[in-house]
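Here the structure is laid out as structure tokens; the discussion comes afterwards.
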Amino acid sequence: MGLPKVAYLSMEIAMDQSLCTYSGGLGFLAGSHMQSAGYLQMPMVGVTMLWSYGYYDQRIDHEGNVEVAYIRKHYDFLTDLNVEVEVETFGEKVKVKAYRVEPSLFGTCPVYLLTTDFEGNSEWARKISHRLYDGDEKIRIAQETVLGIAGVRVLQACGLDFDVVHMNEGHALPAAFELLRQYNGDMNAVKQKTVFTTHTPVAAGNEVHWVDTLMEGGFFAGCSRERAIELGGENFSLTVAALRMSRIANAVSQLHGLVANKMWEWVEGRCPIRAITNAVNLHYWQDERMKNAKTFDDLLDAKYEMKQELFKYIADTAGKRFDPNVLTITWARRFADYKRAWLIFMDKKRITKLLNENKVQLIFAGKFHPDDVMGREMFNKILNMSHELKNVVVLPGYELELSGRLKRGSDIWFNTPLRPLEASGTSGMSANMNGALHFSIYDGWAVEGTFPGINGYTVEYPGLDDEIPWEERHWKDHDCIMNILENQIIPTYYHNKLEWARLMRQAIRTSEAYFNSDRMVIEYYNRIYKPIAHGEASKEMTHEIGQVQHPNQDAWNYSNIK
């Protein structure tokens, strides 16, 4: 029967630094999914948007504060498919062109990129594919309409007879409504074809829009208002509708599976939610020096060398000189309030003492949403603090290249979410692959992969899940963090190098063994894709475009890829 052919739709996919089609963790995860699908030569294609200005470029302005800049991107390495489809959104017929990232470029499966930014569209329509996660609600809805509806139509226009549509988050939900239209309202047929990944219990990550605004945006592909309300409510929840329109869904860690099932248990007619823990691509993220290190001395020498490389970048970029002999702790992820970049500074006197004594060096990096005032203020506050404090630096431009530098050059990868709001997280996995120990709140993937005394450190204490005020929770977490840092991490790092190297070795082994996205993709095929495609939905789909012969229909074939 063969493996099902999967179309993976995601608003962002991080494949390479040179292609600005991502903002952060969701894109990094999707990129690893595409890389492993390509490496394993699975019958999968990706669909995402070609963002003319990327997410945004982050830099420090002349006053010493963070600046958001939009710079148009130009690419000469994408394959123009000479395919154009049309969607209707907010009263306009918008043309959508498609390009393809060939597997030979970045080692991914084929990935299709959609754009509206070309002549023939109105100025407003061209803006749809300008900026990832645009703050304008209508533009945002139009982006999702293009991703889902045009995504399905482009694949069909290219002659790709996919068996499964994988909606990576609710952004791709219009794909399910497009299938509903093509199946003449047969919801069972749609469910057999559609799977869904939910990535977060945070409210901002589960989009809600007024149903009439979505109707105007063409989000429902002609579905009636009444049917849309039945699926997602009048104040329409993308996640709720996705759970009702999919045959099966998954959360992104085992803990998140428990949280998601409890969070959405009230949704009548929802599909089952399984748990498939996120992972990252070992072949992309792991430095060869870590892979080839045979002895503990080899590990320590490689880490020292990688710290020197990172610290040269810091000196060149931020004008601070760090010492490779000093314990280096990195917090690098999205600047969202629940991730608590500020947590280690709650008792400023306590951490300042360690900084002044050259016991620790702190690195911060990450982007906030351009419209997130609180995230911007948090970034600037720590940035300005770093100008006064010894051994603290904040680096702008947290993208794939900087992420790799930091993971290679850090001793500790620091993770401070408010439990249980971190559904999974992945950055600590790729840090582990490079011998950085994960030091994390007991949340997300850390519950499954960070084991105190074996490969890292977790913040645990009695009453971890008690109902207490957030301020009290912050202080309890902070106190536990500082106790572990002062009494366990620092003494081991400086006075027991053999034990530190052993922890490094086990961190590498753990990540290689389970948190490699090759495992994740195989698990998706076995637990999510195959049960769907081998039901009624495996019958060939009939659609209005027709299965015309097209030069791109060999996209499933990897025979010419080494």
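Every read-out reported here was derived from the displayed coordinates using simple, explicitly stated rules and does not represent laboratory data. For clarity, every value in this text was computed on a predicted model and none was experimentally measured. Here Cβ is always computed from backbone atoms with ideal geometry, including for glycine, and neighbour counts include all displayed protein chains.
Going 7 Å from the Cα of residue 323 in the Cα-to-Cβ direction, what parts of segment 367-403 have a backbone nitrogen less than 20 Å from that spot? What the label zone holds, given the 20 Å backbone N cut-off, is 386-394.
Would you mind calculating the gained length between residue 40 and residue 69 on full extension (0.36 nm times residue separation, minus the Cα-Cα distance), in nm to one decimal?
Working: separation 29, 0.36 × 29 = 10.44 nm, distance 3.76 nm.
Extending this stretch completely gives an extra 6.7 nm.
Less than 5 angstrom separates the built amide H of residue 392 from those of 362, all sequence-distant by 5 or more or on a different chain.
Applying 0.36 nm per residue to the separation of residue 18 and residue 496 and subtracting their alpha-carbon distance, the gain on full extension is 168.0 nm.
Listed from fewest to most Cβ neighbours within 10 Å, the set 63, 144, 472, 305 follows the order 63, 472, 305, 144.
The phi-based Karplus calculation (6.51 cos²θ - 1.76 cosθ + 1.60; θ = phi - 60°) puts the 3J(HN,Hα) values of segment 58-67 at 10, 8, 9, 7, 5, 9, x, 10, 6, 10 Hz, whole numbers, x for Gly and Pro.
Could you tell me whether segment 1-110 comes out rounded, prolate or oblate from its Cα gyration tensor? Rule is a ≥ b ≥ c as square roots of the eigenvalues, rounded for a/c under 1.5, then prolate if a/b exceeds b/c, otherwise oblate.
On the way: a/c = 2.14, a/b = 1.37, b/c = 1.56.
Judged from the Cα gyration tensor, segment 1-110 comes out oblate (a/c at least 1.5, b/c at or above a/b).
Distance from the C-alpha centroid of segment 245-303 to that of segment 179-217: 24 Å, rounded to the whole angstrom. With each label modelled as a point 7 angstrom along the Cα→C-beta vector, the residue 295-residue 234 pair spans 7.4 nm. When each of 422, 399, 268 is scored by the number of other beta-carbon atoms lying within 10 Å, the sequence from fewest to most is 268, 399, 422. Only helices enter this figure: runs of n ≥ 4 DSSP H residues, each worth -39500 (n - 2.57), summed and divided by the residues of the chain, yield -11000 deg cm²/dmol at 222 nm to the nearest 500. Counting beta carbons within 10 Å around each of 441, 489 and listing the fewest first gives the order 489, 441.
Listed options for Rg and Dmax of the Cα atoms in Å are (1) 23.5, 70; (2) 27.7, 87; (3) 26.8, 100. The value calculated from this structure is the one marked (1).
Each part gets one Cα centre, and for segment 18-37 versus segment 406-454 those centres are 19 Å apart. The length gained by stretching the chain between residue 464 and residue 381 to full extension, at 0.36 nm per residue less their Cα-Cα distance, is 27.0 nm.
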